[in-house]
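One structure below.
The values are calculated or read from the model by the stated rules, or taken from the named source; none is laboratory data. In this text the structure is predicted, and so the values were computed from the model without any measurement. Please note: Cβ atoms are built from the backbone with ideal geometry, for glycine as well, and neighbour counts cover all protein chains shown. Note: accessible area is taken over every heavy atom of the protein model, side chains too, but ligands, DNA and RNA are not part of it. Shrake-Rupley method; radii C 1.70, N 1.55, O 1.52, S 1.80 Å.
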Amino acid sequence: MADMVRRAAIARLNDRLRTTGLGGSIFMTAGIAALPEAVRNAAILAVRQFSAFTQDNDPHGEHDCAVLTVQDQRVIWKIDYYPRDDTGSDPDPADPATTKRVLTIMLAEEY
């Protein structure tokens with residue numbers, strides 16, 4: 001049960017970053033940046049609005065990665081975790097006080 005509560009907390013923090021931009025940093029790769037503006041904006045919006053999490057694409061229930069298609073472009077988004085104090089120690093993704101979240105949006109071919 002504690003593991004389910006922990007994963008739900010991580011998913012909430014990840015969803016907050018992905019949907020609002022709060023609680024971390026968001027980066028796009030050169031491939032996303034090079035897309036026509038309308039396609040790039042559609043990709044960013046699709047990532048923000050993504051909610052089709054399933055056991056297949058989110059087996060740990062943390063809402064930390066997905067693949068989607070936007071106007072014929074395969075787009076991957078993923079969230080990585082880093083220690084907030086840059087010590088190199090393993091971050092705790094359930095603790096926003098000690099963990100930096102970084103959302104990266106990329107073309108599938110860039111992965």
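Within segment 42-50, is there a residue that is in contact with a strand residue (DSSP E or B) (Cβ under 7 Å, 6 or more places away or on another chain), more than 16 Å from ARG12 (Cβ to Cβ) and open to solvent by 60 Å² or more (accessible area, probe 1.4 Å)?
no
Quick check on VAL5: is it without any contact (Cβ under 8 Å) to a residue 24 or more places away in the chain, of a type in the set (Val, Ile, Thr) and open to solvent by 40 Å² or more (accessible area, probe 1.4 Å)?
yes
How do the strands (runs of 3 or more DSSP E) wholly within segment 52-111 filter down when requiring 2 or more residues that are open to solvent by 50 Å² or more (accessible area, probe 1.4 Å): which remain?
Counting at least 2 such residues, we get 65-70, 73-83.
Looking at ARG84, ARG48 in this structure, which one is at pLDDT below 95 and touching a Lys or Arg at 6+ places or on another chain (Cβ under 8 Å)?
ARG84
Please state which one of ILE26, ILE44 is within 18 Å of LEU68 (Cβ to Cβ) and not in a helix (DSSP H, G or I).
Answer to the check: ILE26.
Consider only pairs whose beta carbons are under 9 Å apart and that are at least six residues apart or on different chains; among these, list those whose first residue lies in segment 44-56 and is under 16 Å from ARG74 (Cα atoms) and of a type in the set (D, E, K, R) and whose second residue is open to solvent by 90 Å² or more (accessible area, probe 1.4 Å) and modelled with pLDDT of 95 or more.
Taking only residues 6 or more apart or on different chains, not a single pair turns up.
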